[in-house]
1. Give, as residue ranges, the strands (runs of 3 or more DSSP E) completely inside the stretch 134-241 that count at least 2 residues that are free of Cβ contacts under 8 Å to residues at least 60 places away in the same chain, small (Gly, Ala, Ser) and over 30 Å from residue 305 (Cβ atoms).
2. Which one of the conditions (1) in a loop (DSSP other than H, G, I, E, B); (2) touching a residue at least 40 places away in the same chain (Cβ under 8 Å); (3) at negative phi does residue 251 fail to meet, given that it meets all the rest?
3. Looking at 327, 378, 303, can you tell me which residue is crowded, with 16+ Cβ neighbours inside 10 Å and in a helix (DSSP H, G or I)?
4. Every residue in the stretch 104-133 that is of a type outside the set (Ser, Thr, Tyr) and open to solvent by 100 Å² or more (accessible area, probe 1.4 Å), please.
5. From 189, 232, 257, grab the single residue that is under 25 Å from residue 93 (Cα atoms) and of a type in the set (A, V, I, L, M, F, W, C).
6. Being farther than 30 Å from residue 381 by Cα and surrounded by 11 or more Cβ atoms within 10 Å (Cβ to Cβ) is true for just one of 335, 311, 256. Which residue is that?
7. Quickly run through the stretch 73-100 and pick out the residues that are at pLDDT 85 or above and surrounded by fewer than 16 Cβ atoms within 10 Å (Cβ to Cβ).
8. Could you say whether any residue in the stretch 337-346 is touching a strand residue (DSSP E or B) at 6+ places or on another chain (Cβ under 6 Å) and modelled with pLDDT under 75?
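The values are calculated or read from the model by the stated rules, or taken from the named source; none is laboratory data. All of these numbers come straight from a predicted model, not from anything done at the bench. Here the Cβ is made from the backbone with ideal geometry for all residues, glycine too, and neighbour counts use every protein chain on show. Note: accessible area is taken over every heavy atom of the protein model, side chains too, but ligands, DNA and RNA are not part of it. Shrake-Rupley method; radii C 1.70, N 1.55, O 1.52, S 1.80 Å.
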Amino acid sequence: MFFNDWLLMKKRNIIFLLVYLLATKPAYAYTEKAFVWAMFEVAPMFWSGVASLFTLLIIAIFFLVFRIYKYKKRIVSLRFDRDRYAEVLASARDGYYAWIYEPYKEVREKCSRRLAVLLGLYLGTKSSFDDFLNCFAKEDQAEISDKIKKLRESGKKFEESYMLPSRERYVKLMGSTITNEFGETVCDVVWVRDTTEEEEHIDELSFELNFTRKRAMIMEKALDTCPYPAWVRDKDLTIIYCNELYSKAVEAPNVEVVISEGRELAEGTAAKEMRSLASLARATNTPKSERKHIVIEGARRFLEITETPFEVPAFDSGKLTRETYTLGTSVDITEVEDGERKLKLHFDANARVLEALGCGVAVFDKATNLVFYNKPFLDLWGISHAFAATTPSYSMVLDDLRDRRK
């Protein structure tokens, strides 16, 4: 209330002063400086308010200029980053064709410099999508166009290789969608990569793979047609392959079961001895054999086990090395053992008959070594049992007789 009265009084004083000045002297008699001084004298609150507003206006202008400076600096930085990222994309191995979606603007299409060089586009980065599509074979254009349509409409990604007929090169197209942090699509892009060297390398590897598979099949069939069990051990003496006869011998349904369970032809100590034989063959790099009695399919068989070492190329930490494997075979010589036993019985019977004869008898084998003699023979020529037991050759016997003047 007091403030309102005070303000009303000030307004009255200003009006009285203006009326007085106009009545006593003409308006032109007062200079602008005197008039302002008079107004400030009679209205200090008014002019102090104007000064405050002017000060606030200067501060606001200064703040606005500072903000504009920061925004301009930020825009320059963003433009620099944009140009830098654009150069990074331009220098990348892959080219690209993109559809960029900007708010309140039409869709902008962009062809990269690398793509123009890769496809040999005459218009360079100003090439259109039709120019891009015409680089491919007629039968591929419809498929590519359909894949890109699905990419732009539903965001369905794709990856496919095509050949450029005019340049005789292979390229891989990779379609992807780029979204912002809100999940809104900001760009659809088709990356294009030159895969000619990779495709040629893949063709070479495919040929080598098919050739290796063919050789492996041949070896498998060769081992399967082998008339006796055969197996292969790696550097750890583990069986990594076997033929069908081996699977049958260890009572396994197939080769895979033998390998997964590591079934040996024998069990217990005999199995350890067979692995030791393979280890000895690897260590000496020469075939090693031994004969064993092993029960196969419920029957006791006499087998000759042979382990033969061989080397194969291998890679260790990126370096080409060679690893030693062993090929094992098992030959059933049960009938040979029976024949040897019968022969020994027959030989022993003949020996007993010859021993009973009164005349001297000596038998030399095909190598002319003394393999049989009776006592009358030793007594006739005065040959000692110790000398005859060394199975001397025919010439050694004659030399002994000459030395003793017999």
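1. Once the strands (runs of 3 or more DSSP E) in the stretch 134-241 are filtered for at least 2 residues that are free of Cβ contacts under 8 Å to residues at least 60 places away in the same chain, small (Gly, Ala, Ser) and over 30 Å from residue 305 (Cβ atoms), what remains is 169-179.
2. Only one criterion is unmet by residue 251, namely (3).
3. On inspection, the qualifying residue turns out to be 378.
4. So the first thing to find is which residues in the stretch 104-133 are of a type outside the set (Ser, Thr, Tyr), and the list is 105-111, 113-121, 123-124, 126, 129-133.
If the condition is that a residue be of a type outside the set (Ser, Thr, Tyr) and open to solvent by 100 Å² or more (accessible area, probe 1.4 Å), then 105, 106, 108, 113, 126 are the ones that fit.
5. On the way: 232 fails: under 25 Å from residue 93 (Cα atoms); 257 fails: under 25 Å from residue 93 (Cα atoms).
None of the other options fit; the residue is 189.
6. Going through 335, 311, 256 in turn, the sole match is 311.
7. The initial filter retains those residues of the stretch 73-100 that are at pLDDT 85 or above, namely 94-100.
100, the sole residue that qualifies.
8. Yes, the stretch 337-346 has at least one match.
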